[in-house]
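Single-structure report; data block below.
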Amino acid sequence: MELFKNFYEGFVFVYGCTMLFMYALLAVLSLRGIIKFQRKNSYVDYNKLLQSPLAPGISIIAPAFNEAVTIISNVRSLLTLNYPRFEVIIVNDGSTDETLQKLIDEFELVQVDFAYNERIKSQPVKRLFKSTNSAYDKLVVIDKINGKSKADASNAGINAAAHDYFLCTDVDCIIEKDTLLRMIKPFMDEEHKKIKEIGEPCPECGYVHMVEDSIRVIATGATLRIANSCEIDEGVITRVRPPEKWLPRFQEMEYLRAYVLGKVGWSVINCVPNVSGGLGLFDKEIAIKAGGYDSKSFAEDMDMVTRMCTYMIDNKLKYAIRYIPTTQCWTEGPPNMKVFSRQRTRWGRGLAEIITIHRKVIFNPHYRKLGLIVLPYNLFFEFLAPIIEFTGILYYIYLIITGNINWHYALILLLFVYLYSIMITTLAVLWDQKTYQYYKTWKEVIGLALMAFIEPFVYHPLIVFFALRGYYFFMIGKKHSWGNMQRQGFGKKKPANI
């Protein structure tokens, strides 16, 4: 028993110190990434790209399942993005409410013959619609049999996409007007091939041979945050406010930490673990060659990104995944515990699937950063974290019952971890404000940062519980469907006195 006690305490100590170090490292890397982005972005003229006939075409794919509450305003928002060449593909995934009929009535849709090439498997497509009104030429609506997952609907959208790049989002999301301009920029930065001479002059032709030495950007992402309590008019964010209700407000804080501090930091060393399903721009060719989305996966976004990376490595191709720190997408966070628990349980189950499906990549040197950094980090500090934390609580209880706890050191340790977590969250909020001052008053900034003081006692235990429940459902093979997220809808909020 003493041997086990020493081993467990030693393991938890090393594990905790490593995790704290990783968070500190990501904070430094993210700050570096933000500063670099701001410097580079200060002299970028997006108007030139907006007016350029050479801008790459982008297909926006937005699956919809029972989204009648928000469908019209959000489709209008997508249609008004600032970009020269794009189309909007709405995939009605067998909705049982008025989603499809509302689209038909509002946008004057009629069924058309359409060249649908099924390069990625999905449930059968029944009909395709286009508008008789030239104002909605960019809109395509697909009506298909429900595939019981967003992934299946996204695959149908990819099959119908006409352009080389596709932006996958949720139909309930509100996207900033310049999103396509900003997110295509990393792809275009790599378009000019880096050419270098190799070897001696060829004895046959007399010239030194030239080779391409370029990195292919296969995906880009951007910060996503909660739209609850923001002022929204006709699908446009007119005033950013932190969510009023406590559950969405905790999610806002969590999103800032995950995107601004996490993914932006990973982007600096090209180790982005995944691109959010809420907003991600992908190279369509690589996505199709990697097999598209797995319709049976509960973490379809991370699964596809991982397979895209393994495809590039297996074919000895250099690649990069970029993340930009500006907020380009706003989504309605789960407003109640029922919807929130379903979402986080699904995420937990999806993470367990990723670790299982791609286990051969973990610690495999052939896959370089993916196998030696990205997936091992997900294994130890994302997947195992809830398990270790739960067992740690049980161990603490055991020490208290048996009277073997050293209260002096235990309280010091708990206080240190508590304050450290507050510091990390505060840095995420400050880094976000440095990128762009979305909140107009310091009262709003401080009010959000203060949530970090109660997060460990209120919100974090929920995250741990739902993650463990997701692991359990994965182990017993319990079925889970996409389901209706019960959207409340976005309305125009009256300005408050500030």
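The values are calculated or read from the model by the stated rules, or taken from the named source; none is laboratory data. Everything quoted here is computed from the prediction, not taken from an experiment. Virtual Cβ from ideal backbone geometry, glycine too; neighbours counted across all protein chains shown. Side chains are part of the model used for accessible areas, which takes the heavy atoms of the whole protein and leaves out ligands, DNA and RNA. Shrake-Rupley method; radii C 1.70, N 1.55, O 1.52, S 1.80 Å.
Could you list all residues from the stretch 102-131 that are open to solvent by 40 Å² or more (accessible area, probe 1.4 Å) and within 20 Å of Gly235 (Cβ to Cβ)?
Of everything in the stretch 102-131, those that are open to solvent by 40 Å² or more (accessible area, probe 1.4 Å) and within 20 Å of Gly235 (Cβ to Cβ) turn out to be Lys102, Asp105, Glu106, Glu108.
Of all residues being of a type in the set (Ser, Thr, Tyr) and loosely packed, with under 13 Cβ neighbours inside 10 Å in the stretch 392-411, which is farthest from Pro456 (Cα to Cα)? Just the residue, please.
Keep residues of the stretch 392-411 that are of a type in the set (Ser, Thr, Tyr), which gives 395-396, 398, 402, 409.
Narrowing further to those that are loosely packed, with under 13 Cβ neighbours inside 10 Å: 398, 402, 409.
On the way: Tyr398: 21, Thr402: 26, Tyr409: 19 Å.
So the residue we want is Thr402.
Given the conditions (1) more than 14 Å from the chain's Cα centre (by Cα); (2) more than 30 Å from Lys40 (Cβ to Cβ); (3) open to solvent by 20 Å² or more (accessible area, probe 1.4 Å), and given that Lys318 satisfies all but one, which numbered condition is not satisfied?
Checking Lys318 against (1) more than 14 Å from the chain's Cα centre (by Cα); (2) more than 30 Å from Lys40 (Cβ to Cβ); (3) open to solvent by 20 Å² or more (accessible area, probe 1.4 Å), the one that fails is (2).
Checking Val75 against (1) more than 20 Å from the chain's Cα centre (by Cα); (2) more than 21 Å from Gly277 (Cα to Cα): exactly one of these is not met. Which one?
(2) is the only condition that Val75 fails.
(1) farther than 17 Å from Val445 by Cα; (2) more than 12 Å from the chain's Cα centre (by Cα); (3) part of a loop (DSSP other than H, G, I, E, B): which one isn't true of Ile237, the others all being true?
The failed condition is (3).
State yes or no: is Gly157 in a loop (DSSP other than H, G, I, E, B), buried (at least 22 other Cβ atoms within 10 Å of the Cβ) and of a type outside the set (A, V, I, L, M, F, W, C)?
On the way: in a loop (DSSP other than H, G, I, E, B): no; buried (at least 22 other Cβ atoms within 10 Å of the Cβ): yes; of a type outside the set (A, V, I, L, M, F, W, C): yes.
It is false that Gly157 is in a loop (DSSP other than H, G, I, E, B), buried (at least 22 other Cβ atoms within 10 Å of the Cβ) and of a type outside the set (A, V, I, L, M, F, W, C).
One residue is enough: does the stretch 336-356 have a residue meeting the conditions open to solvent by 10 Å² or more (accessible area, probe 1.4 Å), of a type outside the set (Gly, Ala, Ser) and part of a loop (DSSP other than H, G, I, E, B)?
Looking through the stretch 336-356, at least one residue is open to solvent by 10 Å² or more (accessible area, probe 1.4 Å), of a type outside the set (Gly, Ala, Ser) and part of a loop (DSSP other than H, G, I, E, B).
Please enumerate the residues belonging to the stretch 223-274 that are among the small types (Gly, Ala, Ser), over 17 Å from Val429 (Cα atoms) and surrounded by 23 or more Cβ atoms within 10 Å (Cβ to Cβ). Write out each step before concluding.
Step one: list which residues in the stretch 223-274 are among the small types (Gly, Ala, Ser), which gives 227, 229, 235, 258, 262, 265, 267.
Retained after the next criterion (residues that are over 17 Å from Val429 (Cα atoms)): 229, 235, 267.
If the condition is that a residue be among the small types (Gly, Ala, Ser), over 17 Å from Val429 (Cα atoms) and surrounded by 23 or more Cβ atoms within 10 Å (Cβ to Cβ), then Ser267 is the only one that fits.
Considering each residue of the stretch 412-462, count those that are of a type in the set (Asp, Glu) and crowded, with 17+ Cβ neighbours inside 10 Å, and give that number. Please lay out each step first, then the result.
Keep residues of the stretch 412-462 that are of a type in the set (Asp, Glu), which gives 432, 444, 455.
Still in the list and also crowded, with 17+ Cβ neighbours inside 10 Å: 432, 455.
Residues in the stretch 412-462 being of a type in the set (Asp, Glu) and crowded, with 17+ Cβ neighbours inside 10 Å: 2 in total.
Of the conditions (1) in a strand (DSSP E or B); (2) charged (D, E, K, R); (3) open to solvent by 10 Å² or more (accessible area, probe 1.4 Å), Asp143 clears all except one; give me its number.
(3)
Looking at Ile324 and the list (1) closer than 24 Å to Ala160 by Cα; (2) surrounded by 19 or more Cβ atoms within 10 Å (Cβ to Cβ), which single condition is not satisfied?
In the conditions (1) closer than 24 Å to Ala160 by Cα; (2) surrounded by 19 or more Cβ atoms within 10 Å (Cβ to Cβ), Ile324 misses (1) alone.
Mind checking whether some residue in the stretch 371-382 is under 22 Å from Ala452 (Cβ atoms) and buried (at least 20 other Cβ atoms within 10 Å of the Cβ)?
Within the stretch 371-382, the subset under 22 Å from Ala452 (Cβ atoms) is 381-382.
Checking the rest, the ones that are also buried (at least 20 other Cβ atoms within 10 Å of the Cβ) come to none.
Within the stretch 371-382 (the criterion being under 22 Å from Ala452 (Cβ atoms) and buried (at least 20 other Cβ atoms within 10 Å of the Cβ)), the answer is no, since none of the residues qualifies.
Could you identify the single residue in Asn74, Asn41 that is free of Cβ contacts under 8 Å to residues at least 60 places away in the same chain, of a type outside the set (Phe, Trp, Tyr), closer than 30 Å to Thr435 by Cβ and open to solvent by less than 60 Å² (accessible area, probe 1.4 Å)? Explain how you work it out, then say what you get.
Details: Asn74 fails: free of Cβ contacts under 8 Å to residues at least 60 places away in the same chain.
Matching residue, one of Asn74, Asn41: Asn41.
Which ranges mark the strands (runs of 3 or more DSSP E) fully within the stretch 12-111 that have 3 or more residues being in contact with a Ser or Thr (Cβ under 7 Å, 6 or more places away or on another chain), at pLDDT 90 or above and over 28 Å from Val268 (Cβ atoms)? Break it down into steps so the answer makes sense when it comes.
Working: elements: 58-64, 86-93, 109-111.
Qualifying strands (runs of 3 or more DSSP E): 58-64, 86-93.
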